[in-house]
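Asks: Next up is a structure, given as structure tokens.
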Amino acid sequence: MPTHIAPLPSRALVRVSGPDARPFLHNLLTQDVEGLAAGDLRFGALLSPPGRLLFDLFLLGQADGVLLDLAADRREALIQRLSMYRLRADVAIDTVDTPVMAAWNGDVDGFIPDPRLPGLGGRRYDGAATPNATEVDWLAHQLSAGVPASGDAIIDKTYPIEADFDLLHGIDFQKGCFVGQETTSRMWRRGAIRNRMLPITFNGPPPPMGAEVLNGELRAGEVMTGQDGAAMALLRLDRLEGALTVDGRPVSVHRPAFVPDVT
């Protein structure tokens with residue numbers, strides 16, 4: 001199978017460097033940063049104090065700090081948020097203009113393995129690979145694996161567990177405190193997970209974001225982002241059984257292998 005390589009223009013980079021870079025980020029993010037070695041890539045998030053998603057992030061360990069890979073349209077907001085938390089921490093927060101690239105299928109040597117799922121391939125941050133695919137192709141591959149995209153989370157509304165962060169190695173529940181930790185840990189410990197993002201299939205073009213998924217006359221969830229024939233949806237786990245529809249069209253829910261039986 002040929003390797004697919006795509007630039008990801010919807011992503012951007014921020015470097016946090018300086019003597020306090022790792023402890024500074026470790027106390028904020030859902031992921032263990034103090035144990036992040038140079039060259040290691042991890043997945044995590046910065047949450048609001050009530051525990052809702054503000055930024056999904058990849059974290060690349062560097063010798064002098066950490067490179068953060070996030071949605072490009074959220075980069076300035078992240079810099080502002082980190083600056084608010086910085087206080088007396090000895091860190092520098094800078095933008096980096098190197099392109100983000102992804103590779104999947106075939107030989108992905110030279111790319112850092114995606115920490116969420118092996119089948120997602122890898123990511124690269126030096127701009128040295130030659131593309132032969134597009135970001136649309138990459139998003140289709142990610143959706144086919146059942147993994148939510150950045151655009152599937154509603155900022156300051158979606159909980160990380162609803163977006164499957166607990167199943168995609170995006171939360172270290174052993175690391176101790178992080179912003180939003182109390183709510184996140186309580187949901188996880190108590191199993192109080194009523195909604196999860198799961199892929200759905202249907203005939204025709206994707207419904208608009210926010211379109212209702214119905215189980216009979218009952219609301220079963222809402223559509224997030226998608227493409228012809230498939231989309232990600234935030235679904236109520238207690239309403240997956242039965243005939244589901246969206247915009248009057250029949251819908252099938254697909255449970256990826258990494259998602260435990262939720263029916």
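The values are calculated or read from the model by the stated rules, or taken from the named source; none is laboratory data. Just so you know, these numbers come straight off a predicted model, no measurement behind them. A quick note on method: Cβ atoms are made from the backbone with ideal geometry, for glycine too, and the neighbour counts reach across all protein chains shown.
Asks: Looking only at segment 1-14, which residues are crowded, with 20+ Cβ neighbours inside 10 Å and over 18 Å from the mean Cα position of the chain (by Cα)?
Replies: Result: Ile5, single match.
Asks: Of all residues in segment 125-167, count the ones that are in contact (Cβ under 8 Å) with a residue 60 or more places away in the chain, among the charged types (D, E, K, R) and in a loop (DSSP other than H, G, I, E, B).
Replies: Of the residues in that region, 4 qualify.
Asks: While we're on this one: Is there a residue in segment 190-202 that is within 21 Å of Arg116 (Cα to Cα), among the basic types (Lys, Arg) and surrounded by 18 or more Cβ atoms within 10 Å (Cβ to Cβ)?
Replies: Looking through segment 190-202, at least one residue is within 21 Å of Arg116 (Cα to Cα), among the basic types (Lys, Arg) and surrounded by 18 or more Cβ atoms within 10 Å (Cβ to Cβ).
Asks: Given the conditions (1) part of a loop (DSSP other than H, G, I, E, B); (2) modelled with pLDDT of 95 or more; (3) over 22 Å from Gly44 (Cα atoms), which single one is not true for Gly170?
Replies: (3)
Asks: Inspect all residues belonging to segment 207-214 and state whether any of them is of a type in the set (Val, Ile, Thr) and under 20 Å from the mean Cα position of the chain (by Cα).
Replies: Applying the first criterion (of a type in the set (Val, Ile, Thr)) to segment 207-214 yields 213.
So of that shortlist, the ones also under 20 Å from the mean Cα position of the chain (by Cα) come out as none.
No, every residue in segment 207-214 fails to be of a type in the set (Val, Ile, Thr) and under 20 Å from the mean Cα position of the chain (by Cα).
Asks: Kindly evaluate Phe178 against the criterion of being surrounded by 18 or more Cβ atoms within 10 Å (Cβ to Cβ), out of contact with any Pro (no Cβ under 7 Å at 6 or more places or on another chain) and more than 24 Å from Ala233 (Cβ to Cβ). Steps first, please.
Replies: Working: surrounded by 18 or more Cβ atoms within 10 Å (Cβ to Cβ): yes; out of contact with any Pro (no Cβ under 7 Å at 6 or more places or on another chain): yes; more than 24 Å from Ala233 (Cβ to Cβ): yes.
For Phe178, the condition - surrounded by 18 or more Cβ atoms within 10 Å (Cβ to Cβ), out of contact with any Pro (no Cβ under 7 Å at 6 or more places or on another chain) and more than 24 Å from Ala233 (Cβ to Cβ) - is met.
Asks: Tell me, which residue of segment 123-167 that is over 14 Å from the mean Cα position of the chain (by Cα) and within 20 Å of Leu36 (Cβ to Cβ) is modelled with the lowest pLDDT?
Replies: Within segment 123-167, the match that is modelled with the lowest pLDDT is Asp126.
Per-residue answers, yes or no, for (1) crowded, with 17+ Cβ neighbours inside 10 Å; (2) under 21 Å from Ala45 (Cα atoms):
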{"site": "Asp114", "(1), (2)": "yes, yes"}
{"site": "Asn132", "(1), (2)": "no, no"}
{"site": "Ile154", "(1), (2)": "no, yes"}
{"site": "Ile161", "(1), (2)": "yes, yes"}
